[in-house]
Structure formats: C-alpha cells, structure tokens
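The block underneath contains the structure these notes are about, expressed in structure tokens.
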Amino acid sequence: MKPMDDDIHSRQRTGWKVLASNSAFFSKLGFTYDPPRFDANGELIRFYDTERMLRYHREMFARGVKLHSSLLFSGWIGDGKFDYAETDRVLSAIASLGPGVRYLPRVKFNAPLDWGKNHPEELCVYFDGPRDREGIRNLAGGLRQDILGYDGDGYYAINYRDDRPNRNGLIANQSFSSEVWRRDAVDALIRLIRHVQATPWHDMIIGWHIAYGNCGETALWGGFNQPVMRTGDFGISHRKAFFDWGMKCYGSLKKMRETWLLPELTRENIEPPPPSLRQGGTRNAEEFFRTSPAAQICIDYDRFLCEKDAESFEILCRAAKTADDRPAGGFYGYYLTLPRAAYAGHCAYDRVLNSPWIDFLCAPAGYYRRGVGEPGGEQVCAQSITRRKLFLDELDLRTHLAQEKPRAANWPETRYLLWREFARCLMYDNNFWWMDLGGGWFDSPEIAAEIGKLEKLARRLRKRSVPHFPAQVLILSSDEAFLYHRPSFDLHRDLMQETPAELQLCAVTIDHYRTSDLNSLPLDRYRLVIILNSFEPDSDAAAILTKGVAAETPILWMYASGRVHGDDPSGLPLKAFMPPPEFGIKFGNLPERRFLSEEHEYPMFGIDVSDSEDITVLARYSDGTPAAAECRRNGRLTLRVAVPLLSKFEFREILRRAGIQPYREGFAACYGNDRFHGIFEDGGSSFEFYEKLPGNQSRHLA
C-alpha cells in the first residue's frame, strides 16, 4: 500500500501546486443546457462552436497560459442513464492544445429532468407550490418547474433562442438536503471519473471543480434574484430533514416545540417559516434583527440551509478525491455581494474551510463597482479563505470586444481593467482565471500581447517569497451575522458593498478578514480597524480587539455592529432614528449629502450623546441627531458610524483622524505588497504599476 499512498500524495501535491502557481483560461467550451435537455432530434442541446472556442484556448496557450478550464459534461443524461460523447469531445479538444496542457474541468451535478419525475419528493418546492407527491410530480419537467434557479426567457447563450421560458416556477430542481440526490450525484461523479480514467486524457486533469445549484454555484434555487414569495424549500424530503435537524439541535420534540413556538409540531406537519416572516423590508429593529422569540425558527432555518449546502458540497468533493486523488473544490461563500447569502447556503464558512475534502474555493470577481475608474472587489472574504484553502478568482472581465454589457469602451479601458484585476488578485496571492464568457473577449493582438506580458510578470512574482501584506486598514465582516437579520438589498448595498468600495478609493491598502479569524490575526500592525456587520450574539470580537489592537489604533464600529444581541462595546450607544422621506447627513465641514429614505429601507439609528461628556460628534442628520461620533476611553479612540452611508471624502476624514497617510493625495484604488504596487485612478482609465526590487528600488511597468 505504501507505493500507492506515495502516488496519491504525489498527485494531490501536483494538482495543488498547479492550481496555486498558475493562472488559467476559461471559455464556454463544453457549455450544455443544465439540467440536460434535448432537441427535436434527440441530441443534447449544447452551445457555442467547439472550434471557435478552441481557437481562444490556443491563443492563451501560446501566450503562456498552460492551465485551462471549461464545462465538462457529467454524462448524466437521465435517471440512471449516462452518455459520454459530449464529455469525450471536450476532453479531446483540450488535449489538442499540446503537450504540457493542464485541465480543471467544471462538472455540474444538477439532476436530469426525468429524475424529478421519478423522485418528486426530493425536489425543491417554493412557498406557493404543492406539498403532496403527485402535485409535485405533475409539475416536474413542465413550465412551472424553475430549472434554472432564476426567472428569464430561457437559457442564455449568444445566438441561441430558447423555446422554453423559465418564469413563475412553483418547484425547482433537487433539494440540497435530498439524500437520494446526493447518492445519485455521487454515483454520476464516480462513473464520470472511471470513464475519464480509461481515456488517454486523464493525466492532464489536475483537479475537479464541483458544481450544482443556481448557475452551478452551490447556491439554493432562487437564492440570487427570485421574488420573495418563491424563496424557500417546502419540498417533502426537505421538510422532514429540517425536522430531523431540529431534533438533533434541541434534543427533544418538547424543546423544539417550545423554541419554535409550535406546540403542535410533528414530522408530518412541519413547515419552514414562511417568506413573510423571514424576509421583507422593515424599519422595526426587533423584526429586522430577529431578536424576538418568534424569529428563532428563521435563524435556525437559515443555519440549516447553510449546513445542508456545505454538507452536499463536502460529500461531492470527498467522492471526487476518494475516486481520483486530485484536489476538489467549487464556488462558495458569496456573502459580500449576496443579500440572501444565508438562504443561498453560503454562510457556513467554518464548516467548508475546516473540511479536509475541500481543497479550493472560487468565486466570480465582485460585480459591484467593477468598471473603469472603480475599485473592483470580491464576492467572498478571499483573505479568510486563503488562510486554509486555495482561492481562485473568476475574472468576469468584459473587454471592449465583449458583446455583453457593461463593458470597457476601448483598448485603454480594457488595459486598465486587466491590470487592476491582476493587481487585486496578486496582492493577496490569490490565483485567478481569465474568463471569456461570451466568445472573443480577448480576441485581438493587443489584448493577447498584454495577457502574455501579465502572465510573464505573474510567473516572476510568484517565484518570490510569500508577500508581507503592508495593509494600513483592517476590515472585519461576518458571514454568521446573516443568520441574525432579514435579507435587505438596501442595507447590503450600503454596508457590505458601497462602504468597502468608497474606502478602497481612499488610496490606502486594506486587509479584509472575518471576525472568526480574530484570534489568530496579527492585529497590532493595523492603523485602523473597521467592524462592518457583527450582528451575531455572543461575539467576543470587542474583547479580542481591545487586547490585540495597538492602543493608538482607532476601532470603528459601522452601523449596529456589536450591539444588536448584547451590550454595546463601542461606548457610543445607539438610539432609533426614523428618517423623513428625504434626509441629509453632514460630516464635519464637508457638504451635506441628501438621501431618499425609500432607497434605504432598514432600521436607522442615531447616537445617544445625552449621558456622556467625553463624546465628540462627527456627523449629524439634518434634524441634528448625531449620526457619527467618537470617544476616547482608557487611552483608546473608538468611533461609531450609525448609518452605513459614508463617502470616500468622509472616510478620508476618518483616516486623517487615525493618522493614516494615503499613498496619494487624490482618490485611487491601491493594490500592492512587498512585490509590487498598483495605483488605479478613481473615475478615469489611468493607472501606474511598479514592481518592487531589492534595495528599496522599483521598476515602472505600466
């Protein structure tokens, strides 16, 4: 057994090293209808011309990109039915790139449509859908089955017009808690691996990208943008799984009934909490932050969804690694850009990061403020991930050649985006893949040459030691916090997206970790610490920060962080603030900014300064209510910004109060470490990029 063990470890190490040290190229080669559908001739519906897609792969291969990725069909064409013709076609195409090519296949395991007909009790059912087996079966495969996970005119592909609109679904595809789906998906995965192992192409595969759910991104059906009332899984097996989970959690039916305020609860009549209880805008803080006893079932249901998603993800990765001894992973953890992250199943970070079976995570680059002259960003807490796993960033980068919008307007804008995304990823040693999601996004000599230049630079930078991160500011966020408030598109935009974006434009370098990383972070190196959304109970963040952060480093608590489920650790108590239809905020000597309250539908707060003489007000609402303040106690400066609507100008003032000197006077996004530094102009397409050299020297590259 020893030689086999050595061989296994060698393949694992090889795959890991390739993923860690090579950027990749991804195209729509291999895209088929998901779940699989067939045309009038019984042929599998697939999109995009193979030779055309392969031409883009060849160009990237010639420019030094040796790691390639695409969709690889699982072969699972029906319930208990398999066909690998499409699989072999893609494998052969990738292999034709030449010696030295490496391949990371993305394989989807959503159940075929006839599987749902045969297993209706295992399907996800929306709130307005049927609860009985035959009622679900009658909808399976029809137009009231949401087979994509989102409303649309059909499956989107350039030059393809779908004959099946996907709107107003009452049921979806497989439930993530379904043991039958997990069993059959694992079977399909192992069959696929056994098939590939018997082909000449097996050796080029360096890992398995596991995909399922909404867009293949391990997200529960309807988790991205479905109407509220279709959010939830009320399917037969899922309801029973929720009951069983509750019994395990609470230990007895009596305790579960008492906690969930359901005195007649049984395994037969259980229903997840309705969308009206779990979602919807409100300014009532008790309802919004789920602090009443009636909301405990909502907290538990979201936790259950996250655990079941992470469990399914782990089961499939374990099957892949056991069968093929190569790294396995997939998309996960989108809480920075997904308001319904808990419902989608993406808030079980610790379960996923602690799993020995999951080797890498990936996510598309953030879609919020990612254009030219904007900072870009991540959908996940990438630095937290890279402490325990590989992270691969999907650069959905729309060049001026893309048909899809928004996109760059011209070559200078495309070049700006190429270098900014390169710097953003390499700052934290994240890997990435260049993605052509439409066909031809990089199909020009100047873009190909620039990619070749960046790839050459990447190889040089990656050979140098692991970079020290010279970040001045630390942002802390929490995936766990999403269990403890209703999803809010308005609050999420303001607090989780707009706030980091505005801060990023202040020409400072920033680290971003989760609050659960606090115990092992070197906190004493930061000049400012910002807590975004610590709404979870029993958080020990304040105590850890007080002990670990240097005494001269200010701590800034954003919005209601730290005070929802316990004593306010900031020393700056909040009070309810009911905004008028239009309100303003004035920060110091800066001009007042005006807002419409209907665009910010969540509980708002002011700061109560009535009982303290040591509080300095920094900003006020237009009626005079304090909106931001600071106090100095026991030698430490603490700040509270009660409303998550700070601009880059206001952040600049906070940075000044913290004694932080920006890298430049104007506004810009800065990405860099001990190996390089990139400065990307706010609102324009100019940028600078320097490679740092020994002896405090640097080389200007762009």
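The values are calculated or read from the model by the stated rules, or taken from the named source; none is laboratory data. Quantities reported herein were computed from a predicted structural model and do not represent experimental measurements. In this analysis, Cβ positions are derived from the backbone assuming ideal geometry, glycine residues included, and neighbour counts consider all displayed protein chains.
Of the residues that make up region 541-556, is at least one among the hydroxyl-bearing types (Ser, Thr, Tyr), surrounded by 23 or more Cβ atoms within 10 Å (Cβ to Cβ) and either outside any strand (DSSP E or B) or under 20 Å from the mean Cα position of the chain (by Cα) (or both)? Explain how you work it out, then say what you get.
Our first condition is that a residue be among the hydroxyl-bearing types (Ser, Thr, Tyr); within region 541-556, this holds for 546, 553.
Retained after the next criterion (residues that are surrounded by 23 or more Cβ atoms within 10 Å (Cβ to Cβ)): none.
So far as region 541-556 goes, no, none of its residues is among the hydroxyl-bearing types (Ser, Thr, Tyr), surrounded by 23 or more Cβ atoms within 10 Å (Cβ to Cβ) and either outside any strand (DSSP E or B) or under 20 Å from the mean Cα position of the chain (by Cα) (or both).
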Condition check for residue 524: among the charged types (D, E, K, R), within 29 Å of the chain's Cα centre (by Cα) and farther than 21 Å from residue 657 by Cα
no
Here are some conditions: (1) crowded, with 23+ Cβ neighbours inside 10 Å; (2) among the charged types (D, E, K, R); (3) closer than 25 Å to residue 645 by Cβ. Residue 436 meets all but one. Which one does it not meet?
(3)
What is the number of the single condition among (1) modelled with pLDDT under 95; (2) of a type in the set (Phe, Trp, Tyr); (3) over 26 Å from the mean Cα position of the chain (by Cα); (4) surrounded by 16 or more Cβ atoms within 10 Å (Cβ to Cβ) that residue 155 does not meet?
(3)
From the list 310, 219, 285, which one is touching a residue at least 24 places away in the same chain (Cβ under 8 Å), within 22 Å of residue 478 (Cα to Cα), out of contact with any helix residue (DSSP H, G or I) (no Cβ under 9 Å at 6 or more places or on another chain) and not assigned by TED's automatic domain parsing to the domain that holds residue 598?
285
Which of the following residues is under 16 Å from residue 283 (Cβ atoms) and hydrophobic (A, V, I, L, M, F, W, C): 587, 583, 649?
583
Please indicate, with yes or no, whether at least one residue in region 612-623 is touching a residue at least 12 places away in the same chain (Cβ under 8 Å), aliphatic (A, V, I, L, M) and more than 25 Å from residue 500 (Cβ to Cβ).
yes
With respect to the numbered conditions (1) in the same structural domain as residue 506 (by TED's automatic domain parsing); (2) free of Cβ contacts under 8 Å to residues at least 12 places away in the same chain, which one is the sole condition not fulfilled by residue 595?
(2)
Select, from 494, 479, the only residue that is of a type in the set (D, E, K, R), surrounded by fewer than 22 Cβ atoms within 10 Å (Cβ to Cβ) and farther than 24 Å from residue 609 by Cα.
494
Residue 204 passes all but one of the listed conditions (1) within 27 Å of the chain's Cα centre (by Cα); (2) on the phi < 0 side of the Ramachandran plot; the exception is number (1)
Which of the following residues is modelled with pLDDT of 90 or more, of a type in the set (D, E, K, R) and closer than 27 Å to residue 374 by Cα: 511, 524, 517?
511
Name every residue in region 582-614 that is outside any strand (DSSP E or B) and among the aromatic types (Phe, Trp, Tyr), in order of residue number.
602
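Condition check ((1) out of contact with any Pro (no Cβ under 8 Å at 6 or more places or on another chain); (2) surrounded by 16 or more Cβ atoms within 10 Å (Cβ to Cβ); (3) not assigned by TED's automatic domain parsing to the domain that holds residue 279) across all residues:
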{"position": "582", "(1), (2), (3)": "yes, no, yes"}
{"position": "609", "(1), (2), (3)": "no, yes, yes"}
{"position": "614", "(1), (2), (3)": "yes, no, yes"}
{"position": "628", "(1), (2), (3)": "yes, yes, yes"}
{"position": "636", "(1), (2), (3)": "no, yes, yes"}
{"position": "639", "(1), (2), (3)": "no, yes, yes"}
{"position": "668", "(1), (2), (3)": "yes, yes, yes"}
Selection count, region 344-397, where residues are part of a strand (DSSP E or B), closer than 24 Å to residue 474 by Cβ and among the aromatic types (Phe, Trp, Tyr):
1
Among the residues of region 249-277, which ones are part of a loop (DSSP other than H, G, I, E, B) and among the hydroxyl-bearing types (Ser, Thr, Tyr)?
252, 266
